[in-house]
Amino acid sequence: MYTNQAVSVDMRIVGKLVLVDLHGSGDALQLAFNDLANRFELLIEAGALKWSKARADHFVLMPQSDWTSLEVISETKRQLRL
């Protein structure tokens, strides 16, 4: 789990999927959501993810067949500098 002053991010693996939950409120939550959505789009373009689905505080990520769920979490943490 990553926590800053306004938003916390939980990442967990369920089967092959990676679930990303955001906890916070207001503009900080929206900014964090937008930032993660952009990063996940880049991972789709780079071939690391097959798809991502989202709602206001939650993402579901499906890695490509040659990526493991743990690699997706590691890459996300690296990009976020966690």
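The values are calculated or read from the model by the stated rules, or taken from the named source; none is laboratory data. Everything numeric in this text was worked out from a predicted model, so none of it was measured. All Cβ positions, glycine included, derive from the backbone under ideal geometry; neighbour counts span all protein chains shown. These area figures cover heavy atoms from the full protein model, side chains too; ligands, DNA and RNA do not enter into them. Shrake-Rupley method; radii C 1.70, N 1.55, O 1.52, S 1.80 Å.
A few points about this structure:
- Scope segment 49-82; condition free of Cβ contacts under 8 Å to residues at least 40 places away in the same chain and more than 20 Å from A32 (Cβ to Cβ); matching residues: K50, W51, Q64, S65, D66, W67, T68, E71
- Residue match in segment 57-70 (condition: under 10 Å from the mean Cα position of the chain (by Cα), surrounded by 14 or more Cβ atoms within 10 Å (Cβ to Cβ), at pLDDT below 95 and of a type in the set (A, V, I, L, M)): no
- Matching residues in segment 57-79 - criterion: being outside any strand (DSSP E or B), of a type in the set (A, V, I, L, M, F, W, C) and in contact with a Leu (Cβ under 8 Å, 6 or more places away or on another chain): W67, V72
- Qualifying residue in segment 22-41 (condition: in contact with a helix residue (DSSP H, G or I) (Cβ under 9 Å, 6 or more places away or on another chain), open to solvent by 80 Å² or more (accessible area, probe 1.4 Å) and outside any helix (DSSP H, G or I)): yes
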